[in-house]
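The values are calculated or read from the model by the stated rules, or taken from the named source; none is laboratory data. Predicted model only: the values in this text are computed from it and were never measured. Methodologically, a virtual Cβ is constructed for each residue, glycine included, from the backbone with ideal geometry; neighbour enumeration extends over all protein chains shown. Surface accessibility is based on the protein's heavy atoms, side chains included, excluding ligands, DNA and RNA. Shrake-Rupley method; radii C 1.70, N 1.55, O 1.52, S 1.80 Å.
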Amino acid sequence: FIEGNKIETISRNAFRGLRDLTHLSLANNHLKALPRDVFSDLDSLIELDLRGNKFECDCKAKWLFLWLKMTNSTVSDVLCIGPAEYQDKKLNDVTSFDYECTTTDFVVHQILPYQSVSVDTFNSKNDVFVAIAQPSMENCMVLEWDHIEMNFRSYDNITGQSIVGCKAILVGDQVFVVVAQLFGGSHIYKYDESWTKFVKFQDIEVSRISKPNDIELFEIDSEMFFVIADSSKAGLSTVYKWNNKGFYSYQSLHEWFRDTDAEFLDIDGKSHLILSSRSQVPIILQWNKASKKFVPHSEIPNMEDVLAVKSFRMEDNLYITLTRFIGDSRVMKWNSKQFVEIQALPSRGAMTLQPFSFKNNYYLALGSDYTFSQIYQWDGEKKMFRLFKEIYVQAPRSFTAVSTDRRDFFFASSFKGNTQIFEHIVIDLS
């Protein structure tokens, strides 16, 4: 009986080992919280008296709330002093702690000791792989998730000249990697089971692609395509199509526009491409079912010099992000007629604004050459992204989400430093 002693706090180990204790009274003290699992050793407890204390029925009380539902002991009513909506109510009447008592974080899981400019992920035969473009090392490094060591390990290495993009394409049980190079032309490699490595499959015309800046994979009417955005003055962004034997040039999109990025998206059930450019505002192309080609549809006004366009869906709505090196980057929402701005993000020195999501948490990763990179999280109540965390990545060029073994990661590529792998973790605040 420890009653009426003005006790405000109790050590987590105060009742350790008291497995034969049957009655415990902490009545009429000044307790507002109890440490998690403080009663875990009380195997024989029959009665617990907590009257005369008023608890903060917030995250700190979540464990007690769950314990009360599971214990066979007789426990007096636990009254709440706060939060305001639960004042003078019983802890048992608290509806839910799930939303308030969990948060998330990003922690460094693995550091890869090399620079990179892009990361792509693909699944093959129940394994998870990533392909990393390393222009300074003239490699396209393919990593595999190691289920035993719980990290990413080297699997294969495709060599080339100033590789700026590695994009995996899965056709049936075949795995291809498009390797975009600044010099010597771009190539497509195919995984050879007999050699257990990627071997060259075909070349991509140098006359069409001279300075590749982005590779975008998409599928229309069960047919496989990819587009390479070319950023040279004489560039010709080109769509390639799979014809069961290889990939051949299918459509040239436009010339002389120094395209920086291509994004495929579904708008109101129709296939579209958005091309961003150094020399004009982003244009939207729509797939014409009759001609089976992309035709100009519209543009996104007042958004010159966009480096990258990314799309994502959230709460049944379609959004895009537009990355700008100078000025504000933008988040825009499709309103059934056009894309309208919902948020501007200061982004001096930004080369990428990447949307991604884990466990119903929606994020934007904004890279910066001049300061810390910023991760924003969607605030469902305010309907906007709020700053969530800052991370340091030297000259970030891409952020790529990768999930495996019920664990979630994102790769932060760096043009001047180490490539970092962050793990997304859920924290129970109780």
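Overview of results
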item: Pair list, Cβ under 8 Å, 6 or more apart: the stretch 336-355 residue under 17 Å from Leu307 (Cβ atoms) and outside the structural domain of Ser413 (by the TED database), other residue part of a loop (DSSP other than H, G, I, E, B) and of a type in the set (Phe, Trp, Tyr); result: none
item: Any hit, the stretch 1-8, residues being open to solvent by 30 Å² or more (accessible area, probe 1.4 Å) and either assigned by the TED database to the domain that holds Thr71 or β-branched (Val, Ile, Thr) (or both); result: yes
item: Qualifying position, being open to solvent by less than 80 Å² (accessible area, probe 1.4 Å), part of a strand (DSSP E or B), of a type in the set (A, V, I, L, M, F, W, C) and in contact (Cβ under 8 Å) with a residue 12 or more places away in the chain, among Val199, Val175; result: Val175
item: Conditions (1) part of a strand (DSSP E or B); (2) over 27 Å from Ile148 (Cα atoms): number failed by Ala412; result: (2)
item: Contacts under 6 angstrom Cβ, first residue in the stretch 27-39 being within 18 Å of Cys59 (Cβ to Cβ) and in a loop (DSSP other than H, G, I, E, B), partner open to solvent by 30 Å² or more (accessible area, probe 1.4 Å) and at pLDDT below 95, 6 or more apart; result: Lys32/Glu56; Ala33/Glu56; Ala33/Lys60; Pro35/Arg12; Val38/Arg12
item: So Glu138, is it of a type outside the set (Lys, Arg), modelled with pLDDT under 95 and either over 26 Å from the mean Cα position of the chain (by Cα) or assigned by the TED database to the domain that holds Val227 (or both); result: yes
item: Qualifying position, being in contact (Cβ under 8 Å) with a residue 24 or more places away in the chain and assigned by the TED database to the domain that holds Lys167, among Phe257, Phe294; result: Phe294
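Matching residues to (1) open to solvent by less than 10 Å² (accessible area, probe 1.4 Å); (2) among the aromatic types (Phe, Trp, Tyr); (3) assigned to a strand (DSSP E or B); (4) not assigned by the TED database to the domain that holds Asp261:
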| residue | (1), (2), (3), (4) |
| --- | --- |
| Lys69 | no, no, no, yes |
| Asp77 | no, no, no, yes |
| Asn92 | no, no, no, yes |
| Thr95 | no, no, no, yes |
| His109 | no, no, yes, no |
| Asn123 | no, no, yes, no |
| Phe129 | no, yes, yes, no |
| Leu143 | yes, no, yes, no |
| Tyr155 | no, yes, yes, no |
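One line per residue, one yes/no per condition, for (1) over 17 Å from the mean Cα position of the chain (by Cα); (2) surrounded by fewer than 22 Cβ atoms within 10 Å (Cβ to Cβ); (3) part of a strand (DSSP E or B):
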site	(1), (2), (3)
Leu318	no, yes, yes
Ser329	yes, no, yes
Lys333	yes, yes, yes
Arg348	yes, yes, no
Tyr363	no, no, yes
Gln374	no, yes, yes
